[in-house]
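A short worksheet on the structure shown next.
The values are calculated or read from the model by the stated rules, or taken from the named source; none is laboratory data. What you are looking at is a predicted structure, and each value in this text was computed from that prediction instead of being measured. Here the Cβ positions follow ideal geometry from the backbone for every residue, glycine too, while neighbour counts run over all protein chains shown.
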Amino acid sequence: MKNGPLFLVGLFLSVLIAWSGIVLGSHAQLGRQTPFFDEGDGVAYPARQMGLAARGQLVYADLGCASCHTQQVRRPGFGNDQGRGWGERQSVARDYLFQTRPQLGASRFGPDLTNLGGRKPQPPTEEALYRFLYEGSPTHPPYAFLFENLPIAGEVSSLALKLSGTSAPASGRQIVPGERARTLVAYLRNLNTVYDYPESRPLPVEQKAPAKEEAKK
Amino acid sequence: MSAPTGSDPRVEQAPVTDEALLDSHDKLLGRQPDDKAHYRLLPLNLLFLFSGLIFFAGTYLGRYAGHFHPSVFNEHGQPPKAGAAVAVAVDPLVLGKNVYGQVCAACHQPNGQGLPPAFPPLAGSEWVAGSEERLIRILLHGLQGPIKVKGTEFNGAMPPVGPGSGFNLNPEKVAAVLTFVRKEWGGIATPVAAAKVAEIRAKDGTRPPLTVADLEKIP
Amino acid sequence: MTNQSTNAGAAEVTAIDTHARWPLLYLIGAGLVWLIVSGVLSLIAAIQLHSPAYLAECAWFTHGRVEAMRETAFIYGWAANAGLAIGTWLLGRLGGYPLRGLNWFVVGGVFWNLAVAAGLIGIAAGEMTSFAVLQLPRAVQPLLVLSYAATAISGVLAWSGRKRAGTFASQWYAVAALFLFPWFLTATQVVLLWTPVRGVVQAVAAAWYAEGVFALWLAPLALAGAYYVVPKVSGRTLPSYEAAPVAFWTLIVVGTWTAGRHLVGGPVPAWLPTMGVVGTSLLLFHFLVLAFNFKIALTPAGTAMNFLRFGLLAYLLYGVFTTIASFRGVAAHAQFTFVTVALEQLGFYGAVSMLFFGTLYYMVPRLTGRDWALPGLASAHFVTASTGLVLALVALAVAGETQGNLLLEAKATYAEIFQQVSVPLMIHTAAQFLLIAANLLLLVNFAMSAWACGEKACASAAGLLRSSSSMEASAS
């Protein structure tokens with residue numbers, strides 16, 4: 001390490017190799033991935049996020065929802081993601097193909113949202129999501145700032161929340177979701193991984209034996 | 001001002017000077033004051049440990065890297081074979097369950113209990129437990145008019161779901177959903193073959209929805 | 001081989017120290033202020049974990065944003081400033097000449113802190129990038145690179161123009177950190193912010209960057225301090241030092257191949273998490289050699305050594321635990337829980353911060369040329385900080401363990417999980433109070449020391465002025 005320039009070149013090359021291996025390597029593998037065309041359905045999956053939903057993802061990102069919610073389901077037998085009804089198959093790279101900024105997240109202090117719009121038996125309704133965002137719950141903060149408290153001019157807005165009790169607005173006023181709330185809810189309802197890609201299917205049964213052995217380690 | 005000024009006698013005096021520090025450690029690296037840069041070999045025990053770690057890492061990588069394939073997400077998985085995109089082993093029960101959820105559950109309900117008076121139950125139905133040929137044809141052509149299931153009369157119209165219909169399910173999916181329904185509610189474990197669905201489809205072509213009378217002609 | 005501080009003999013303050021006194025003190029001071037800011041934000045975030053409605057009516061303080069600000073203020077505010085000061089000082093001292101390029105150093109330091117301040121406001125206003133460890137808004141990112149590069153010039157110049165050919169471990173680690181950071185920051189900005197790659201490749205690049213920030217930047221700066229101060233204070237050469245170069249290169253070469261450990265079971269090809277296990281396992285060698293090298297840190301020798309010992313221990317534990325947690329069988333339980341948070345805190349706070357504190361307790365008196373203004377506060381700082389940190393880490397680990405077990409049971413509802421973890425999370429909040437108190441002790445002590453030093457400098461400058469003006473008067 002007495003040779004100064006050589007030392008710096010060594011440092012640089014070490015990092016360049018690691019970056020190429022991890023980042024460029026996965027980019028080479030996944031950067032040109034295409035949607036999967038289902039011959040039977042005659043449709044390509046995943047669908048592009050359109051309009052409100054795509055803008056809603058930016059709201060999701062800037063509020064930092066990813067600090068408590070993940071958007072990645074692990075495969076059956078790995079953790080308990082299926083048992084919690086978060087999705088029946090594992091998430092694969094293709095699911096995120098058209099997302100401008102995938103929100104994989106790293107904490108599950110709140111539930112996973114990958115398949116919120118495809119929940120069984122019923123996904124949450126628009127109305128329920130608005131109420132949840134406005135009122136919060138004992139485990140979730142209320143985001144009242146996404147809503148507008150407006151005077152009722154003429155008819156009550158069709159989007160106005162039907163609230164009762166302490167959270168109800170004063171008479172003659174209504175709580176209407178603002179633009180950010182509307183895009184966020186459109187995004188959340190659009191989240192689903194209902195379609196089954198070939199690479200997302202579980203391994204055939206005879207290969208499952210070593211998986212158990214691995215889990216014990 | 002550049003002379004070492006402002007020294008406070010209370011500042012803790014380091015036992016070694018920088019010079020002594022560098023000298024003593026230089027020696028440990030096997031450098032004579034003006035030697036070429038070369039490292040003494042690692043102590044034997046460290047070398048041994050290092051090799052052990054490399055051996056473990058190499059073995060682990062070889063075993064669980066999924067052949068470095070972009071579409072292998074399970075470390076025990078195999079990359080799909082070239083040109084065999086369709087031949088990827090699919091569990092028909094999983095596929096069937098999904099298709100059931102997307103297509104059938106709206107009328108027959110997720111639990112297969114149906115919704116009288118129009119939508120007959122599948123759970124415990126003698127039709128589900130009965131002839132495979134009939135079931136395939138119901139899915140391919142649809143079913144119209146009254147039908148008796150579990151002793152109750154139902155009257156509805158089931159649209160066709162097979163290729164060319166509004167749902168446009170391919171033979172693989174038709175077979176999968178039947179496999180799922182028969183396993184789940186008919187107690188029949190033998191899967192329905194996609195080839196058989198395709199064969200019946202080719203033989204019958206398209207036709208108007210069946211009635212119970214048509215069904216009874218089918219073995 | 002004396003251990004305790006001896007008042008005998010002239011203090012070892014050289015022209016190298018006095019020359020760079022104010023630029024270095026400026027960075028350290030700025031870092032300490034950011035540390036308090038980050039502490040307050042951590043406290044808010046900690047309260048929100050058990051009382052979600054806290055500050056929820058204010059969009060600027062939603063949990064997600066507070067969390068991002070806390071992390072940013074800690075890494076780019078505190079750790080970056082303190083680390084730059086420590087790295088540059090070490091390279092200057094070991095290089096044997098007064099630092100060159102100090103004007104660049106100061107300009108870079110000023111703009112770096114402006115960028116971080118603007119960035120924090122940007123995050124609060126909703127401009128965060130939503131990549132962990134790289135939350136600063138797009139708009140300030142170029143300024144980060146430029147100002148860092150300007151600040152790092154002094155250190156790299158001191159290294160390339162050093163007095164002697166042979167080098168010491170502190171120099172390798174410090175130069176690596178100063179030299180590499182702008183490169184991998186730029187590379188990451190390009191693939192995440194300027195021409196974003198598609199889909200999950202973004203998550204891979206962000207995970208790689210997060211590993212880089214620890215393994216190629218902050219940990220090397222922290223280790224540079226430890227490699228210097230431990231032998232200086234104990235007066236002994238480091239055992240097994242001949243293995244130190246291999247440990248160094250293991251960290252640099254393997255350190256970021258571990259990125260896949262953040263994505264176990266995730267929507268990335270299986271080879272990435274597998275590579276994560278491979279990386280963390282190989283890194284064990286680095287940690288092992290460090291354990292041998294720093295055996296001598298176990299002997300008690302004052303506050304600086306206390307911090308260093310704590311930090312080194314935390315660093316070793318971090319190495320062992322990340323390795324264990326990167327295996328799929330363990331990750332299936334621990335991933336996405338507070339165990340991950342505890343592990344990250346162990347690395348960034350337990351190891352990096354505590355090593356920085358230790359180095360600063362040795363370094364600041366040599367910069368100011370006088371002992372700490374309030375030496376009693378130093379040991380109080382150690383007691384409070386280590387208690388707070390251990391409490392916070394244990395509380396998070398317990399919360400994470402409970403959370404992980406309950407998540408595996410399909411029947412446990414989220415309300416139940418929340419109830420079960422709320423007690424450890426309240427303890428975590430209490431620990432955050434302790435940490436703020438501890439760091440305030442250091443800030444006060446530092447401010448008083450710098451003030452006393454400044455007063456003396458002013459007095460001598462005033463004295464010079466007076467004598468020169470009287471000379472002029474007599475001449476006329």
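Scanning the range C:409-455 for residues that are touching a residue at least 24 places away in the same chain (Cβ under 8 Å) and not hydrophobic (A, V, I, L, M, F, W, C) yields C:S422, C:P424, C:H428, C:T429, C:Q432, C:N439, C:N445, C:S449. For the range C:172-189, a residue qualifies if it is within 10 Å of another protein chain (Cβ to nearest Cβ) and more than 20 Å from C:G347 (Cβ to Cβ), and the qualifying residues are C:W172, C:V175, C:F179, C:W183, C:A187. Condition first: at the interface with chain B (Cβ under 9 Å from one of its Cβ atoms), in contact with a helix residue (DSSP H, G or I) (Cβ under 6 Å, 6 or more places away or on another chain) and touching a residue at least 40 places away in the same chain (Cβ under 8 Å). Now tell me which residues in the range C:154-169 satisfy that. Within the range C:154-169, C:F168, C:A169 meet the criteria. One residue stands out in the range C:275-312 among those that are surrounded by 24 or more Cβ atoms within 10 Å (Cβ to Cβ) and β-branched (V, I, T): the one that is nearest to the other protein chains (Cβ to nearest Cβ), namely C:V278. Selection of the range C:170-195 for residues being among the polar types (S, T, N, Q) and without any contact (Cβ under 8 Å) to a residue 12 or more places away in the chain yields only C:T195.
Among the residues making up the range C:353-367, those that are within 14 Å of chain B (Cβ to nearest Cβ) and of a type in the set (A, V, I, L, M) are C:L360, C:M363, C:V364, C:L367. In the range C:76-98 there is at least one residue that is of a type in the set (F, W, Y), more than 28 Å from A:R101 (Cβ to Cβ) and at pLDDT below 95. Cβ separations smaller than 9 Å between residues 6+ apart or across chains give the following pairs from the range A:24-37 residues that are aromatic (F, W, Y) to residues that are part of a strand (DSSP E or B) and surrounded by fewer than 18 Cβ atoms within 10 Å (Cβ to Cβ): A:F36/A:A44; A:F36/A:Y45; A:F37/A:V43; A:F37/A:A44; A:F37/A:Y45. Among residues of the range B:12-24 that are among the polar types (S, T, N, Q), those with a beta-carbon under 7 Å from a residue that is at pLDDT 85 or above and in a loop (DSSP other than H, G, I, E, B) at least six positions away or on a different chain give the pairs B:S24/C:T237. For the range C:369-399, the tally of residues that are part of a helix (DSSP H, G or I), over 24 Å from the mean Cα position of the chain (by Cα) and touching a residue at least 40 places away in the same chain (Cβ under 8 Å) stands at 1. Out of the range B:135-164, which residues are of a type in the set (S, T, N, Q) and either without any contact (Cβ under 8 Å) to a residue 24 or more places away in the chain or within 24 Å of B:P219 (Cβ to Cβ) (or both)? Hit for the range B:135-164 is B:Q144, nothing else.
Take C:V197 and tell me if it is assigned to a loop (DSSP other than H, G, I, E, B), farther than 22 Å from C:Y318 by Cβ and of a type in the set (A, V, I, L, M, F, W, C). Against the criterion (assigned to a loop (DSSP other than H, G, I, E, B), farther than 22 Å from C:Y318 by Cβ and of a type in the set (A, V, I, L, M, F, W, C)), C:V197 qualifies.
For the range C:368-384, the set of residues classified as among the aromatic types (F, W, Y) and more than 11 Å from every other protein chain (Cβ to nearest Cβ) consists of C:F382 only. Search the range C:240-266 for residues that are without any contact (Cβ under 8 Å) to a residue 24 or more places away in the chain and pair each with any residue that is not in a helix (DSSP H, G or I) when their beta-carbon atoms are under 8 Å apart and the residues are at least 6 apart or on different chains. Partner pairs satisfying both residue conditions: C:E242/B:L29; C:E242/B:G30; C:E242/B:Y39; C:E242/B:R40; C:E242/B:L42; C:E242/B:P43. Going through the range C:222-268 one residue at a time, which ones are hydroxyl-bearing (S, T, Y), more than 30 Å from A:T70 (Cβ to Cβ) and part of a helix (DSSP H, G or I)? Answer for the range C:222-268, where residues must be hydroxyl-bearing (S, T, Y), more than 30 Å from A:T70 (Cβ to Cβ) and part of a helix (DSSP H, G or I): C:Y227, C:Y228, C:S234, C:Y241, C:T250.
Considering (1) of a type in the set (D, E, K, R); (2) surrounded by 24 or more Cβ atoms within 10 Å (Cβ to Cβ); (3) more than 20 Å from A:A66 (Cβ to Cβ), the lone condition that C:E57 does not fulfil carries the number (2). For the range C:95-128, a residue qualifies if it is surrounded by fewer than 23 Cβ atoms within 10 Å (Cβ to Cβ) and among the β-branched types (V, I, T), and the qualifying residues are C:V106, C:V107, C:V110, C:I121. Is it the case, given these coordinates, that A:L30 is surrounded by fewer than 18 Cβ atoms within 10 Å (Cβ to Cβ) and closer than 27 Å to C:L216 by Cβ? Here the answer is no, as A:L30 does not meet what is asked. Do we find a residue being touching a Ser or Thr at 6+ places or on another chain (Cβ under 9 Å) and within 19 Å of C:G347 (Cα to Cα) anywhere in the range C:228-250? No, that holds for no residue. Based on this model, can you work out whether B:P208 counts as assigned to a loop (DSSP other than H, G, I, E, B), closer than 21 Å to B:V103 by Cβ and within 14 Å of chain A (Cβ to nearest Cβ)? Answer is no for this residue. For B:A118, the criteria (1) surrounded by 14 or more Cβ atoms within 10 Å (Cβ to Cβ); (2) touching a strand residue (DSSP E or B) at 6+ places or on another chain (Cβ under 7 Å); (3) among the hydrophobic types (A, V, I, L, M, F, W, C) hold in every case but one, which is (1).
Residues that are buried (at least 22 other Cβ atoms within 10 Å of the Cβ) and either aliphatic (A, V, I, L, M) or out of contact with any Pro (no Cβ under 8 Å at 6 or more places or on another chain) (or both) within the range A:69-94 comprise A:T70, A:V73, A:R74, A:G79, A:D81, A:G87, A:V92, A:A93, listed in sequence order. For the range A:95-142, filtered to residues that are among the hydroxyl-bearing types (S, T, Y) and crowded, with 21+ Cβ neighbours inside 10 Å, the residue that is nearest to the other protein chains (Cβ to nearest Cβ) is A:Y96. When residues of the range C:40-54 are filtered for being surrounded by fewer than 23 Cβ atoms within 10 Å (Cβ to Cβ) and farther than 14 Å from C:L396 by Cβ, how many remain? Of the residues in that region, 8 qualify. Checked against the criteria, C:A410 does not count as among the hydrophobic types (A, V, I, L, M, F, W, C) and more than 10 Å from every other protein chain (Cβ to nearest Cβ). Every condition in (1) in contact (Cβ under 8 Å) with a residue 24 or more places away in the chain; (2) buried (at least 20 other Cβ atoms within 10 Å of the Cβ) holds for C:G199 except the one numbered (1).
One line per residue, one yes/no per condition, for (1) under 28 Å from the mean Cα position of the chain (by Cα); (2) surrounded by fewer than 17 Cβ atoms within 10 Å (Cβ to Cβ); (3) more than 14 Å from every other protein chain (Cβ to nearest Cβ):
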| site | (1), (2), (3) |
| --- | --- |
| B:E133 | no, yes, yes |
| B:I138 | no, no, yes |
| B:G151 | no, yes, yes |
| B:A157 | no, yes, yes |
| B:S165 | yes, yes, no |
| B:V174 | yes, no, no |
| B:R182 | yes, no, yes |
